[in-house]
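Input: a single structure, listed below in structure tokens.
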Amino acid sequence: MEKYSDINTPLFGAITGDIIGSIFEWKNVKSTEFDLFCDKSDFTDDTVMSIAVADCLLNGKDYTKTYQDYGRKYPHRCYGGFFKKWIYMENPKPYNSWGNGSAMRVSACGSLYDYLVDSLEAAKNSAMPTHNHPEGIKGAQATASAIYLARQGSSKAEIKNYIENTFYYDLNRKIDDIRKIYNYDVSCKGSVPESIIAFLESSDYESAIRLAISIGGDSDTIACITGGIALAYYKELPFEIGNKVWNILPGEFKEIITQFNSL
């Protein structure tokens, strides 16, 4: 069995959050006390499209074609209803989505560049083929910028202030309060701020994922968004967690992740 070897990119952090959250999307746990993995833990559309974005950035590929190629190759990964149809369209066009699909796949955009403006532009470009609604773009850019700032060594207070002042998300709530009233919400507006708050309240990568999943709702996507930011900030993933995720992934996904880790 191939071993995981200290890959701590935000891309891998996002994928890890997706896989851990995969079993809780339709069975919310509403607690931080749960087993991280079971025999049904697997990657979802969040991972597939995160890899697709990374592939585009690394190899200069077209987003639309690459999203379709990956979607068709991995067809049963819980894609959203319209996106599932879009994958097979002969002439696919943006459909003005404000859903969190733009934010879940954007971790590579926050990882690759030396300047924030470039990460923001990449996030917008990755969103546009499908999520060209202002809220879809906003969610992608907020997530990418949080990852960028965390990777660059910004404090949590600095990250929080930037997100609030730039994207006008309310990050002054607490997870304990959110958890009590939170329902399933696939919009960027209704899930990206909560994902960032889970990171802000965390003490390490694992606690960030546990807080994210404890909110309920779209658990794999919330954990995916949180996971990318958290690993950018903490820069450390417990070996047992990373190794478990590594051995779930297809070989071509590992190749993309390894390429990103070497940059």
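The values are calculated or read from the model by the stated rules, or taken from the named source; none is laboratory data. Keep in mind it's a predicted model, so treat the numbers as computed, not measured. No Cβ is skipped: glycine too gets one built from the backbone with ideal geometry, and neighbour counts run over all protein chains shown.
Kindly provide the set of residues from segment 79-98 that are touching a residue at least 60 places away in the same chain (Cβ under 8 Å) and either in contact with a Ser or Thr (Cβ under 6 Å, 6 or more places away or on another chain) or assigned to a helix (DSSP H, G or I) (or both), ordered by number. Correct list: 98 only.
A search for C-beta distances below 7 Å between a residue of segment 48-62 that is closer than 18 Å to residue 83 by Cα and in contact (Cβ under 8 Å) with a residue 40 or more places away in the chain and any residue that is surrounded by 21 or more Cβ atoms within 10 Å (Cβ to Cβ) and polar (S, T, N, Q), counting only pairs 6+ apart in sequence or on different chains, returns 50/107; 53/126. Residue count for segment 86-132 under the criterion of being within 16 Å of the chain's Cα centre (by Cα) and hydroxyl-bearing (Ser, Thr, Tyr): the result is 5.
Can you tell me how many residues in segment 59-73 are loosely packed, with under 15 Cβ neighbours inside 10 Å and closer than 22 Å to residue 9 by Cβ?
Qualifying residue count, segment 59-73: 2.
Can you find a residue in segment 216-237 that is modelled with pLDDT under 95 and either within 14 Å of residue 47 (Cβ to Cβ) or part of a loop (DSSP other than H, G, I, E, B) (or both)? Within segment 216-237, one or more residues are modelled with pLDDT under 95 and either within 14 Å of residue 47 (Cβ to Cβ) or part of a loop (DSSP other than H, G, I, E, B) (or both).
Taken across segment 204-217, residues that are touching a Phe, Trp or Tyr at 6+ places or on another chain (Cβ under 8 Å) and surrounded by fewer than 16 Cβ atoms within 10 Å (Cβ to Cβ) do occur, with at least one present. For segment 115-145, filtering for residues that are within 17 Å of residue 86 (Cα to Cα) and surrounded by fewer than 17 Cβ atoms within 10 Å (Cβ to Cβ) leaves 1.
Within segment 101-114, being in contact with a Leu (Cβ under 8 Å, 6 or more places away or on another chain), assigned to a loop (DSSP other than H, G, I, E, B) and surrounded by 24 or more Cβ atoms within 10 Å (Cβ to Cβ) holds for one residue alone: 111.
Could you say whether any residue in segment 219-231 is surrounded by fewer than 23 Cβ atoms within 10 Å (Cβ to Cβ) and either without any contact (Cβ under 8 Å) to a residue 12 or more places away in the chain or of a type in the set (Val, Ile, Thr) (or both)? No: zero hits. Scanning segment 157-196 for residues that are farther than 15 Å from residue 142 by Cβ and outside any loop (DSSP other than H, G, I, E, B) gives 157, 175, 176, 177, 178, 179, 180, 181.
For segment 99-135, the set of residues classified as in contact (Cβ under 8 Å) with a residue 40 or more places away in the chain and of a type in the set (D, E, K, R) consists of 105, 135, listed by residue number. Taking segment 22-57 as the range and being of a type in the set (D, E, K, R), part of a loop (DSSP other than H, G, I, E, B) and over 20 Å from residue 244 (Cα atoms) as the test, the residues that pass are 27, 30.
Answer with yes or no whether residue 165 is loosely packed, with under 14 Cβ neighbours inside 10 Å and either modelled with pLDDT under 95 or closer than 17 Å to residue 14 by Cβ (or both).
Answer is no for this residue.
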